[in-house]
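Chemist: Please find one structure pasted underneath; my questions will follow.
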Amino acid sequence: MSARIASTGARGLLATAAPMRSTAARSFTTSSRRLAEVTALPTRKPVGAFRGGLFGFLLGSTLAGGSVYGYVLQEYKASNELLTEDIYALQDSCQRLTRYVQALEDKMEATERKRK
């Protein structure tokens, strides 16, 4: 019941507001002085499709080349570090083997001296 009262009141407000809107329309006028101040905008030279495409291609190629260069450099550093670690490990094992062979040779010389 209260919804009917509210909707009836809203319809009445809309009916009275509609004529006010149509009479409140404003016309657009400009003084002659204002019209005289209008200046033409400078014309921009349009970028052609060929030039724009070439520029986009070069920009994309440069960005792709830079990112590939960074990736290759990062991979090079990682592989270089691994190779350096392997070289040091090989050098260490060669030194241990040399010491072991030297110790065996010393023992062989000692046993040969005892036989004589």
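Chemist: Report Rg (one decimal) and Dmax (nearest whole number) for region 63-116, counting Cα atoms only, units Å.
Modeler: My reading of the Cα-based Rg and Dmax gives 23.4, 79 Å.
Chemist: Separate question: Short version: ³J(HN,Hα) in whole Hz for each residue of region 61-70, in order, from phi by Karplus 6.51 cos²θ - 1.76 cosθ + 1.60 (θ = phi - 60°), x for Gly and Pro, what are they?
Modeler: Ordered by residue, 3J(HN,Hα) equals 5, 5, 5, 5, x, x, 5, 5, 4, x Hz.
Chemist: Using a simple charge model, +1 on the beta-carbon of Lys and Arg, -1 on the beta-carbon of Asp and Glu, nothing else, what dipole does region 63-116 show about its Cα centre, in debye to the nearest 20?
Modeler: Computed about the Cα centre, the dipole is about 560 debye.
Only the coordinates and a few stated rules stand behind these numbers; no lab work does. For clarity, every value in this text was computed on a predicted model and none was experimentally measured. Counting neighbours? That spans all protein chains shown, and the Cβs are built from the backbone with ideal geometry, glycine included.
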